[in-house]
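The values are calculated or read from the model by the stated rules, or taken from the named source; none is laboratory data. Treat the numbers as computed from the prediction; the structure is a model and nothing was measured. When we count neighbours, we look across all protein chains shown, and the Cβ atoms used for this are built from the backbone with ideal geometry, even at glycine.
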Amino acid sequence: MKLLRGYLADFVSLLFPELCPACQASLVANERIICSDCRYNLPFTNFHLQADNIVAQQFYGKINVTAAYALYYFTKGGKVQNLMHHFKYKGMQQIGTLLGNIAGLQLTESPVFNTVELIIPVPLHKSRLKERGYNQSTCFAQGLAQKLNAAVEDDNLQRRVATETQTHKSRFARFENMQDVFMVKHPERLMNKHILLVDDIVTTGSTLEACGMELLKIPGLTLSIATIAYAQ
Ligand SMILES: [Zn+2]
């Protein structure tokens, strides 16, 4: 029976080969979720090896970030964009866990990220969460937690209001819009902890900045940031 099921699975995969969500190549037998070429050759930033990286610079003079990291560079029309599209809009939550594992392995090489105690995903508003069925940042956080010696806390930082689309607003307008959007329900649980705040993509950093401002009101809290991609 087990053998038959194996044959059946091979046959189905011949008819409907599973495709790599980044490059659309057919996955071969030992490949899981993304192809080997993408696994090793997507554009890594290696920001964990460079404290003064461009994501860290986004927060200079705004909030006190201990370390900042993004796994990949995001380019329009590139493979990372394809990957993110499948992750956010095609229900492929497993991409987030995998990328969290890959990022987590890199972060264990960093003495700063190694001291993270809690991982907090940027929350979605509950109406958006209902629509999508999952928070993509939570998937990434869970993958990270499997490699870092840290836990995920996804019910403490909360989004009060659903912000309208921010794409066409200036940085200042965005910031006004983000003020008071986030709140921490149980600040006492985060006191004196090193928190890793995670999101899927960082561009201007205004969402992470708004979350960070709330978190940094908590006594003794140290804040670091990690995202899947950095887009200019
Ligand atoms: Zn691929």
All positions within the range 18-39 that are hydroxyl-bearing (Ser, Thr, Tyr) and more than 10 Å from the ligand (Cβ to nearest atom): none
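Residue-by-condition table, conditions (1) surrounded by 18 or more Cβ atoms within 10 Å (Cβ to Cβ); (2) over 27 Å from Glu214 (Cα atoms):
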residue: Asp52; (1), (2): no, no
residue: Ala68; (1), (2): yes, no
residue: Asn101; (1), (2): no, yes
residue: Gly104; (1), (2): yes, no
residue: Phe113; (1), (2): yes, no
residue: Val116; (1), (2): yes, no
residue: Ile120; (1), (2): yes, no
residue: Pro123; (1), (2): yes, no
(1) surrounded by 20 or more Cβ atoms within 10 Å (Cβ to Cβ); (2) modelled with pLDDT under 95; (3) of a type in the set (Phe, Trp, Tyr): which one isn't true of Phe87, the others all being true? (2)
Scanning the range 70-84 residue by residue, the ones that are buried (at least 20 other Cβ atoms within 10 Å of the Cβ) and within 15 Å of the ligand (Cβ to nearest atom) total 5
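Going by the conditions given, is Tyr60 at pLDDT below 95 and in the same structural domain as Val202 (by TED's automatic domain parsing)? Break it down stepwise before answering.
Working: at pLDDT below 95: no; in the same structural domain as Val202 (by TED's automatic domain parsing): yes.
Taking the combined requirement at face value, the residue does not satisfy it.
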Among the numbered criteria (1) among the hydrophobic types (A, V, I, L, M, F, W, C); (2) more than 14 Å from Val198 (Cα to Cα); (3) in contact with a strand residue (DSSP E or B) (Cβ under 9 Å, 6 or more places away or on another chain), which single criterion is violated by Leu107? (2)
I'd like to check something: does the range 81-92 contain any residue that is closer than 16 Å to Leu196 by Cα, in contact with a Phe, Trp or Tyr (Cβ under 8 Å, 6 or more places away or on another chain) and not small (Gly, Ala, Ser)? no
Pull up the range 31-70, narrow it to residues that are within 21 Å of Leu19 (Cβ to Cβ) and touching a residue at least 24 places away in the same chain (Cβ under 8 Å), then point me to the one that is farthest from the chain's Cα centre (by Cα). Arg32
Out of the residues in the range 62-103 meeting the condition of being in a helix (DSSP H, G or I) and among the β-branched types (Val, Ile, Thr), tell me which one is farthest from Gly220 (Cα to Cα). Val80
